[in-house]
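Notes to accompany the following structure.
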Amino acid sequence: MSMPRIEHDGAYLGSAGDGTAFHFAVVGDTHTHRPDDPAEQSETAQRIVEELNLLGPDFVLHAGDLIRGYTDDEPRLRVEHEGAKRLFEQLEMPFYPCIGNHDVREEISERVWRDFWGGRWYSFGYGDCHFVMLDAEIAKDVESIAGEQLDWLRRDLAEHAGGRRVFVTLHRPWWYDFPLHVSEWK
């Protein structure tokens, strides 16, 4: 179905949906292929797509870890992302990916992400809501939203979120299980 191309970090993908009533689904950690074969989709991931198509939400947000990753083997990463893209193209509704720690860990995996999905953080509107997809993995082992991404987020919210409900998606909430953020939470 509709797989948006995220042209650059901080892209605004526009707005869709004309009403206030709509449904969306959130999935994550699908690691879409079998552990022993990056070219073959897992039965669980296939079932997720089948059930999403049965449920028929207006769109799907993926909260990260599309692939198993955790490698700098570029050909393998490309096979994994090709499989994830092929799987989620079977959805009958738009699909919005978010980066997880298995998706991008270093320069090679970032380059492959950009080749397949585009920018690392972005936003879009739907109905009377604003959706923000953040890259909580950008600082590598110190997950945070800072620097250029935080500056963009402030601008994006000022420009697109006024008076709207806002939904923010990131792979893992940094206040929940990361000890550094317990001591540095602001």
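Taking the criterion of being at pLDDT below 95, in a loop (DSSP other than H, G, I, E, B) and open to solvent by less than 100 Å² (accessible area, probe 1.4 Å), the residues of segment 7-19 that qualify are GLY17, GLY19.
Given the criteria part of a strand (DSSP E or B) and either surrounded by fewer than 23 Cβ atoms within 10 Å (Cβ to Cβ) or in contact with a helix residue (DSSP H, G or I) (Cβ under 9 Å, 6 or more places away or on another chain) (or both), does HIS81 qualify? Give the steps one after another, and end with the answer.
Details: part of a strand (DSSP E or B): no; either surrounded by fewer than 23 Cβ atoms within 10 Å (Cβ to Cβ) or in contact with a helix residue (DSSP H, G or I) (Cβ under 9 Å, 6 or more places away or on another chain) (or both): yes.
It is false that HIS81 is part of a strand (DSSP E or B) and either surrounded by fewer than 23 Cβ atoms within 10 Å (Cβ to Cβ) or in contact with a helix residue (DSSP H, G or I) (Cβ under 9 Å, 6 or more places away or on another chain) (or both).
Working only within segment 96-140, note down all residues that are small (Gly, Ala, Ser), out of contact with any helix residue (DSSP H, G or I) (no Cβ under 7 Å at 6 or more places or on another chain) and open to solvent by less than 10 Å² (accessible area, probe 1.4 Å). GLY100, GLY118, GLY119, ALA136 - these are the residues of segment 96-140 that are small (Gly, Ala, Ser), out of contact with any helix residue (DSSP H, G or I) (no Cβ under 7 Å at 6 or more places or on another chain) and open to solvent by less than 10 Å² (accessible area, probe 1.4 Å). Counting just the residues of segment 51-69 that are more than 19 Å from MET133 (Cβ to Cβ) and surrounded by 12 or more Cβ atoms within 10 Å (Cβ to Cβ), which one comes out farthest from the chain's Cα centre (by Cα)? So the residue we want is ASN53.
Listed by first and then second residue, the pairs with beta-carbon distance under 9 Å, at least 6 apart or on different chains, first residue in segment 35-47 and among the β-branched types (Val, Ile, Thr), second open to solvent by less than 60 Å² (accessible area, probe 1.4 Å), are THR44/THR30; THR44/HIS31; THR44/THR32. Cβ-Cβ distances below 7 Å connect the following pairs, each with a first residue in segment 69-81 that is at positive phi, a second residue that is basic (Lys, Arg) and open to solvent by 60 Å² or more (accessible area, probe 1.4 Å), and a separation of six or more residues or different chains: GLY69/ARG105; TYR70/ARG105.
The values are calculated or read from the model by the stated rules, or taken from the named source; none is laboratory data. Remember, predicted model here, so these are calculated numbers, not experimental data. FYI the Cβ positions are ideal-geometry reconstructions off the backbone, even for glycines, and counts take in every protein chain you see. What goes into the accessible areas is simple: the full protein's heavy atoms, side chains included, and nothing from ligands, DNA or RNA. Shrake-Rupley method; radii C 1.70, N 1.55, O 1.52, S 1.80 Å.
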